[in-house]
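Trainee: The structure's right below; bear with me while I get my questions together.
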Amino acid sequence: MKLAIYLYTAVLSICPLLQAEPTANLKVHLKGLSSKGGVILLGLYHDETTWLEKPARGSKSDARGTESTVELKGLEPGTYAISVYQDINSDGVLNCTFFGMPKEPYAFSNNAAGTFGPASWEKVSFLLKEGDNEIRIDLD
């Protein structure tokens with residue numbers, strides 16, 4: 001009987017360790033895409049130190065029409081930011097003018113805009129909660 005009690009107690013103490021980590025899903029609704037086609041390149045960043053340098057997750061999809069939805073599943077809840085652009089000529093680069101102004105549609109989460117450069121982490125970051133989340137980004 002004592003053995004059964006010890007086994008039961010051991011199983012109960014392990015159960016919390018077996019529970020899955022909370023996960024979040026994110027639907028990103030994109031508006032304002034060019035009808036010229038190409039691909040949509042989206043980067044999801046998890047902290048300020050890697051902002052625009054190393055995305056935690058990326059997505060590449062064909063650009064069809066002026067709207068699209070990108071789904072990212074199995075994310076850890078927390079603070080994130082998004083950078084997205086439509087690579088019209090599919091060369092893997094956000095093409096810019098001589099003065100550094102993008103020639104292809106681009107945007108950041110929260111529809112944030114930068115001044116003489118990309119938007120700051122403070123402007124683009126958002127909280128991703130456990131479960132299903134949705135945001136909208138308008139490309140320029």
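Trainee: Cα axis of helix 2-18 to longest principal axis of the chain: angle in degrees, 0 to 90, nearest 10?
Mentor: The angle comes out at about 10 degrees.
Trainee: Something else now. So for each of 111-121, 32-42 I average, over its residues, the number of other beta carbons within 10 Å; can you give me the resulting order with the highest mean first?
Mentor: Numbers: 111-121: 13.5, 32-42: 16.6.
Answer by packing, highest mean first, reads 32-42, 111-121.
Trainee: Placing +1 at every Lys and Arg Cβ and -1 at every Asp and Glu Cβ, with all other atoms neutral, what dipole size does the chain have around its Cα centre, in debye to the nearest 20?
Mentor: Details: 13 positive and 17 negative charges, 50 e Å.
With only Lys, Arg, Asp and Glu charged at Cβ, the dipole is about 240 debye.
Trainee: Can you list the aspartates and glutamates whose alpha carbon sits under 18 Å from that of Lys31, skipping same-chain ones fewer than 8 residues off?
Mentor: Asp62, Glu67, Glu71, Asp87, Glu104, Glu134, Asp138, Asp140
Trainee: For Tyr106, Tyr80, Tyr85, which order do you get if you count the other beta carbons within 10 Å of each Cβ and list the fewest first? Write out the running numbers ahead of the final one.
Mentor: Values: Tyr106 18, Tyr80 25, Tyr85 22.
Listed from fewest to most nearby Cβ atoms, that is Tyr106, Tyr85, Tyr80.
Trainee: May I pose another question? Taking a cut-off of 19 Å between Cα atoms, list the lysines near Lys27, but don't count ones fewer than 8 places away on the same chain.
Mentor: Cα-Cα hits under 19 Å: Lys60, Lys73, Lys129.
Trainee: Roughly speaking, what is the stretch gain from Asp140 to Leu127, that is 0.36 nm per residue apart minus the C-alpha to C-alpha distance, in nm to one decimal? Numbers along the way, then the final one.
Mentor: Details: separation 13, 0.36 × 13 = 4.68 nm, distance 2.35 nm.
Contour length minus Cα-Cα distance gives 2.3 nm.
Trainee: Between Ala56 and Asn25, what is the label-point separation in nm under the 7 Å Cα-to-beta-carbon projection?
Mentor: Placing both labels 7 Å along Cα→Cβ, they lie 1.8 nm apart.
Trainee: Toward the positive end of the charge dipole of the chain, about the Cα centre and with charges on Cβ (Lys, Arg +1; Asp, Glu -1), which of Val70, Thr115, Ile40 goes farthest?
Mentor: Val70
Trainee: Follow-up. Which of rounded, prolate, oblate describes the stretch 10-140, given a ≥ b ≥ c as roots of the alpha-carbon gyration tensor eigenvalues and a/c under 1.5 marking rounded, otherwise prolate only if a/b is larger than b/c?
Mentor: Working: a/c = 2.66, a/b = 1.98, b/c = 1.35.
In terms of gyration-tensor shape, prolate.
Quick note: the coordinates plus some simple rules give every number you see, no bench work behind them. Because the structure is predicted, anything quoted here is derived from the model rather than measured. As a convention, Cβ positions derive from the backbone with ideal geometry for all residues, glycine included, and neighbour counts pool all protein chains shown.
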